[in-house]
Amino acid sequence: MVLMFVTLIISLTFHEAAHAWFALLGGDRTAYRSGQVTLNPLPHIQREPFGMILLPLVSLYVSNGQSTFGFAHAPVDPFWAARNPRKAALMSFAGPLANFLLAAIAFGVLWYIGRPDGNTEIAVRRIAKAFLLLNLLLGTFNLVPIPPLDGTGIVRGLFPRTGRFFDLIESVPHLPLVLIFVMASLLREHFYTLYYEVDSWLPHSTLLR
């Protein structure tokens with residue numbers, strides 16, 4: 001449970017810091033002014049304590065330590081996003097991209113270790129497995145185009161005319177949350193198919209059976 005919790009906090013921090021950094025590079029200093037351009041998790045936790053602390057702990061408790069999930073938020077100037085749709089799309093993609101980068105690093109560590117020999121290698125392998133699983137999950141799930149997931153910002157930025165459709169979804173109370181839960185249920189099996197496929201590329205399987 002501790003490993004999953006710490007891994008999620010680090011992964012969410014990288015995710016939101018990437019959003020904030022790409023926004024800063026694109027000319028939006030909103031997240032920078034609120035201290036989000038950092039790999040220090042404290043500013044991100046202070047901004048979203050429910051998504052980064054309470055929800056992960058509750059999900060860990062309910063699942064008996066088998067799974068966890070959470071979220072955070074980097075503030076964006078909506079006027080900047082409207083004036084710079086392509087930059088806003090890139091900023092939205094930066095979060096999942098950071099998670100895929102962490103997953104790639106974890107994959108590299110698992111490839112290097114192969115079959116662990118000794119307590120240190122076993123511990124490193126367990127940490128890398130947690131990073132691979134959670135970051136593949138965060139990166140993939142956030143690409144779904146349902147507000148407030150990052151996929152919405154990507155599609156809205158690349159195809160500005162879809163903005164009215166997403167605004168309509170957001171205007172209906174609780175509809176985004178319902179759609180996210182429905183989509184999560186539908187994509188669960190497909191995600192694990194992806195995870196098993198990635199794991200099969202390793203010389204020695206890491207699957208938690």
Tabulated pairs, the range 148-171, first among the hydrophobic types (A, V, I, L, M, F, W, C), second outside any helix (DSSP H, G or I), C-beta under 6 angstrom, 6+ apart or interchain:
LEU149/ASN142; VAL155/PRO145; PHE166/PRO147; ILE169/PRO147
Name the pairs: first residue in the range 89-105 and in contact (Cβ under 8 Å) with a residue 40 or more places away in the chain, second residue part of a helix (DSSP H, G or I) and acidic (Asp, Glu), Cβ to Cβ under 6 Å, at least 6 apart or on different chains?
SER92/ASP150; GLY95/ASP150; PRO96/ASP150
Just need a number here: residues in the range 15-68 that are out of contact with any Phe, Trp or Tyr (no Cβ under 9 Å at 6 or more places or on another chain) and of a type in the set (Phe, Trp, Tyr).
1
Filter result for the condition that a residue is at pLDDT 90 or above and under 25 Å from PRO145 (Cα atoms), over PRO43, PRO75:
PRO75
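Which fully enclosed helices (runs of 4 or more DSSP H) of the range 17-99 have 3 or more residues being surrounded by fewer than 16 Cβ atoms within 10 Å (Cβ to Cβ)? Steps first, please.
Details: elements: 30-33, 41-47, 55-62, 78-83.
Once the helices (runs of 4 or more DSSP H) in the range 17-99 are filtered for at least 3 residues that are surrounded by fewer than 16 Cβ atoms within 10 Å (Cβ to Cβ), what remains is 55-62, 78-83.
Can you name the residue in the range 38-52 that is free of Cβ contacts under 8 Å to residues at least 40 places away in the same chain and aliphatic (A, V, I, L, M) and, of all such residues, is farthest from LEU134 (Cα to Cα)?
The first filter runs over the range 38-52 and keeps only residues free of Cβ contacts under 8 Å to residues at least 40 places away in the same chain, leaving 38-51.
Okay, now just the ones that are also aliphatic (A, V, I, L, M), so 39, 42, 45.
Values: LEU39: 18, LEU42: 20, ILE45: 18 Å.
So the residue we want is LEU42.
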For ALA18, which of the numbered conditions (1) within 28 Å of ASN64 (Cα to Cα); (2) of a type outside the set (D, E, K, R); (3) under 14 Å from the mean Cα position of the chain (by Cα) fails to hold?
(1)
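For every residue, the table says whether it meets (1) surrounded by 15 or more Cβ atoms within 10 Å (Cβ to Cβ); (2) among the hydrophobic types (A, V, I, L, M, F, W, C); (3) within 24 Å of GLY26 (Cα to Cα).
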residue: LEU102; (1), (2), (3): yes, yes, yes
residue: ARG125; (1), (2), (3): yes, no, no
residue: LYS129; (1), (2), (3): yes, no, no
residue: LEU134; (1), (2), (3): yes, yes, no
residue: GLY153; (1), (2), (3): yes, no, yes
residue: THR193; (1), (2), (3): no, no, no
Would you point out which residue out of PRO116, PRO147 is outside any helix (DSSP H, G or I), over 15 Å from the mean Cα position of the chain (by Cα) and either surrounded by fewer than 22 Cβ atoms within 10 Å (Cβ to Cβ) or not acidic (Asp, Glu) (or both)?
PRO116
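Scanning for something touching a Leu at 6+ places or on another chain (Cβ under 6 Å), hydrophobic (A, V, I, L, M, F, W, C) and under 24 Å from PHE5 (Cα atoms), does the range 56-70 turn up at least one residue?
Narrowing the range 56-70 to residues touching a Leu at 6+ places or on another chain (Cβ under 6 Å): 56, 68, 70.
Those still in the list that are hydrophobic (A, V, I, L, M, F, W, C) too: none.
No, every residue in the range 56-70 fails to be touching a Leu at 6+ places or on another chain (Cβ under 6 Å), hydrophobic (A, V, I, L, M, F, W, C) and under 24 Å from PHE5 (Cα atoms).
The values are calculated or read from the model by the stated rules, or taken from the named source; none is laboratory data. Fair warning: this is a prediction, and the values are worked out from it, not measured in the lab. Because the Cβ atoms are built from the backbone with ideal geometry, glycine has one as well, and the counts that use them run over all protein chains shown.
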